[in-house]
Each structure stands twice: as structure tokens, then as C-alpha cells.
Amino acid sequence: MGIPIFVNGSMLLLAALVTVVYGNYVREQLALADPFSYLVGLGFVVCLLGSVLLHELGHALTARRFGIGVRGITLELLGGWTEMDRDAPSPRVDALVSLAGPAVSLVLGGAASAASFVLPDRTVVGQIVFQVAASNILVAIFNVLPGLPLDGGRALRAGLWALFKDRNRATAAAGWAGRALAGVTALVAVWLYQLNTLTIFGLLFVLLVVFTLWQGAGQSIRLARMTSRFPLVDLASLTRPLLVVPAGTPLGEAQRRRSEDPRPNVVLAVSDSAGNLTALVDPVAAERVPVDRRPWVAVDTVARSRDAVPALRLGLTGEQVVRALQAHPAAQYVVTSGEDVVGVLRVGDVAAILEPRRPRPAR
């Protein structure tokens, strides 16, 4: 359907682990020989991956239904995720896209449950169908818990978005709900382990899930804070002015001219004999040149061609600037007005606005 599918290397670890664990289980339950029992375990892994993929396709196809592009689906150790090219335009669409995945898992679980009642007990097919039913129903229930990064957390965000009329505030609140959910899950897992209801393997697996939830919730909170600062990204004020020197100018001389320029944060650039801008000096490469060599090194040797540097059009909004930086990662960008280059944007300047460093407390 034109949607790229990516498989993280961690998925291979999960596949091997489930193959061995489930292979040992069916060997004891159905008295199967080792090679065949592990083959059955591998079959269950294939069914499990197929279920996860269908879950994510539920998100992806629903997003497409509302005009949201899908960049790809990634399958990894603890499930999968769908990357979309933009946020949902409204709380209603956000909720529908979020709940589409659990709905698919619930349908799969229901269909597999019905099939498990029909199939004979203590058979290979019956065992696999039962496990597919149980895993999909469990995934559906767990995913609708109200906390990011779970699907239920996205639905919670949609509800809070409709209530607060502020997506960033709703995202932060749903992120904190996810952290609370992770903490409660960890406490319940430890309690069940102390009651000998949960094995050490089960405890470690749940704690891995808790860690993933905590990290995902933290990323959601951080993203909400960053997104709320998008309007502060003013391309015109962040653009650094250019000091253009002719090709062949010694690096030391170019740096001297820059130090004498009264404008702040001047960026060195190189022009050809006709005065056309051809390159931008790479500040990292320039600093690597020993001071005593700079009078003898041409500025061209530490510069990047203008064509190799991404361009941003003056007049973009803060959100448009950030999206452009995400789409074309680089250390610096030329800022243009029509066909003219008016300056340079350093990605570090944008990062300083989106994630300002807190001052260290005085001792």
C-alpha cells in the first residue's frame, strides 16, 4: 500500500526469545520433539509480528483517511510505531487515529478467540490461535490505558485538547499521566512477584516495558515544551549576517576582518571573481587549522559549497522552520529572500530557543 516497513534489530532479539520460550512451552504441553516445537514457536512469532503490523496499519490507514501522510511503520522489541508527516488537525481525528490500532487488535483477538473455541484442544494450531487471541486482547487492553506514549494516552490527549483548546498543554498532561502509569505498573509488578504470581522473567519483562513507557512519556513532555516555543523561533532575528571575502583570502585575514566587523555573530562566506556567493566557511573546520597556519591557508579550503547547504526562505513561521530543519538536518542553513542570500541560520541558535538551558544554582 506504499507504506515503508522497517524492522528494528531489537525485533530479532524478541523473535529469538519468544521462539525459545514458546517452543519449550508447547514441547511440554503437546509432547513435541525439539526441532518441531521450536518451529511452532517461530510460527507463533510470525503470527505475533503480523498482529503488530496490522495494529499499526490500523493507525496508518485511518491517518490516510483524514489526509495525514504516513512516512513508515517501524517494528521493534516491544511492539511498533507509525510515523506520520504531520499532527492530527483536530481532537476528533487524533482520537480516531489513536484508537484505530487497539480496535484492530481487539477484532483480531475476538476472531482468534472464536476460532480457538472451534479448533480441537491440545493441538498445534489450537495452541497458536489461543495465544494469538490472548496476546491481541492483552495488547488492546494495555494500549488503551490513559497515558502517553500508549494509544490510550493519545486518546486522552485528544480529550484534553478538546477541553483545554491547547494541544501542547494536553500533550504534557497526557505525558505525566504516562509516567504515573509507568510507576503504578512497576509497583504492581513487584507486588505480584512478591506474591509468587509473577516469575523473575516476567518481572524483568514488565520492568523493561515500564522503562520504555517512562522514556516515551518523558519524550512527549519534552516535545510539548518544545512545540509550545515554536512561535519564539523568528527566522529574521535569528539569521546571522554574512561577511563575504574573495576566494583565495587567507583564513587568518578573513578572521581578522570578521573580528573588526561591528555586527554580532557574523558568518564568513566566500565569493568568486564576479562577486557571487559560492561557499560558507565551516567554523569547525576553520578552528581545526593551527593558528600559525591560518595566514597560509586559503579560506576556500575550510568552506562548503553554497549548493551543499540547505536553504530556508525568509518569512517562514517558527513551526515551518523547525519542520524544515527536521526534514533536512544540517548544522547551518542559508536564508534567502528571493534569489539573494541574506544570511545564515545556525541550528544551535534554534535549539537554544526550543530547549533553553536552566541556569545553574549558585553555591
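A few points about this structure:
- For the range 131-196, the alpha carbon positions stretch 46, 27, 13 Å along the principal axes, listed from largest to smallest.
- For the range 131-264, a Kirkwood radius taken over Cα pairs fed into Stokes-Einstein (25 °C, viscosity 0.890 mPa s) yields D = 130 µm²/s.
- Of the residues Val40, Val132, Val184, the one that moves most in a GNM of the chain with alpha-carbon contacts below 10 Å is Val184.
- Here the peptides 15-22, 51-58, 307-314, 194-201 are ranked by packing, the mean other Cβ count within 10 Å, and the order with the highest first is 51-58, 15-22, 307-314, 194-201.
- Value at 222 nm in deg cm²/dmol, rounded to 500, when DSSP H runs of n ≥ 4 in the chain each add -39,500 (n - 2.57): -19500 deg cm²/dmol
- Choice from Asp34, Asp292, Asp340 showing the highest fluctuation, given a GNM over the chain with Cα pairs closer than 10 Å: Asp292
- Kyte-Doolittle mean at least 0.0 and Cα axial length at least 20 Å: DSSP H helices in the chain: 10-30, 34-65, 91-118, 124-143, 167-194, 200-228
- Spatially, the range 1-67 and the range 146-163 are offset by 27 Å when compared through their Cα centroids.
- Charged-residue dipole, Cβ positions (Lys, Arg, Asp, Glu), the range 235-354 about Cα centre, Debye nearest 20: 200
- Relative contact order of the range 5-231, pairs being alpha-carbon contacts under 8 Å that are 6 or more residues apart, as %: 15
- Cα centroid separation - the range 282-357 against the range 224-261, whole Å: 7
- Gyration tensor (Cα) of the chain, equivalent ellipsoid semi-axes in angstrom: 53, 24, 21
- Alpha-carbon spread of the range 235-354, three principal axes, descending order, Å: 43, 31, 27
Where a number appears in this text, it was derived from the coordinates with a stated rule and is not lab data. Keep in mind that what you see is a predicted model, and the values were worked out from it rather than measured. Cβ: placed from backbone, ideal geometry, glycine included. Neighbour counts: every protein chain shown.
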